[in-house]
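Every read-out reported here was derived from the displayed coordinates using simple, explicitly stated rules and does not represent laboratory data. Since the structure is predicted, the reported quantities are computational estimates derived from the model, not experimental observations. When we count neighbours, we look across all protein chains shown, and the Cβ atoms used for this are built from the backbone with ideal geometry, even at glycine.
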């Protein structure tokens, strides 16, 4: 019986996490969130450049399309690598993810356009880096505490 890529990735992540003490779990989660974020950022920047430079789109259209596509990739990676399955049913979890991704996307559109005006002397990709860093904080908080929320474990006596 063959394994799906999702289950294989989950098993690898769980194996490596077993070596990390529980008290460092949040630190590990931040590292994984950052790693997935960097990977998604690289993919998104490549798409942004392809759409703008090779396909002739405006920076705003290229940004809109690359952002939409990366949201799908990010959901899968966030669930499989960073947070795991939360307490919500899959449909509700996905719904919450895409709701907050939509909110983040609207913030993205406003921030990117605003940052392009403010930092008009910078290359459009540098402006995108500033915007992504700003949104990373919002995304981690909403995903950790609202989308992929886990049941609270009782504190253990030391």
Subject >> Centroid-to-centroid separation of region 110-143 and region 38-75 [C-alpha atoms, Å] >> reply: 14
Original post:
Contour minus end-to-end for residue 106 and residue 126, with contour as 0.36 nm per residue of separation and end-to-end as the Cα-Cα distance?
Top reply: 5.3 nm
Subject >> Highest-fluctuation residue, 39, 133, 77 considered, GNM on the chain with Cα pairs under 10 Å >> reply: 133
Original post:
Helix 25-49 versus the longest principal axis of the chain: what is the Cα-based angle in degrees, 0 to 90, to the nearest 10?
Top reply: 30
Original post:
When the helix-only estimate is applied to the chain (DSSP H runs of n ≥ 4, each -39,500 (n - 2.57), divided by the residue count), what is the mean residue ellipticity at 222 nm, nearest 500 deg cm²/dmol?
Top reply: -23000 deg cm²/dmol
Subject >> Separation of the residue 54 and residue 98 label points, Cα + 7 Å toward Cβ, nm >> reply: 2.8
**OP:** Name the most mobile residue of 131, 80, 53, meaning the one with the largest mean-square fluctuation, in a Gaussian network model of the chain with Cα contacts below 10 Å.
**Re:** 53
Subject >> Chain lengthening between residue 114 and residue 31 when straightened (0.36 nm per residue, less Cα-Cα) >> reply: 27.0 nm
Original post:
In degrees between 0 and 90, to the nearest 10, how far off the longest principal axis of the chain does helix 59-77 point, with axes built from Cα atoms?
Top reply: 10
**OP:** Considering only 66, 18, 78, give the residue with the highest GNM mean-square fluctuation for the chain, with springs between Cα atoms whenever their separation is below 10 Å.
**Re:** 18
Subject >> Label-to-label distance, nm, for residues given as residue 68 and residue 133 (7 Å Cα→Cβ offset) >> reply: 2.9
**OP:** Report, in degrees rounded to the nearest 10, the 0 to 90 angle that the Cα long axis of helix 90-118 makes with the longest principal axis of the chain.
**Re:** 30
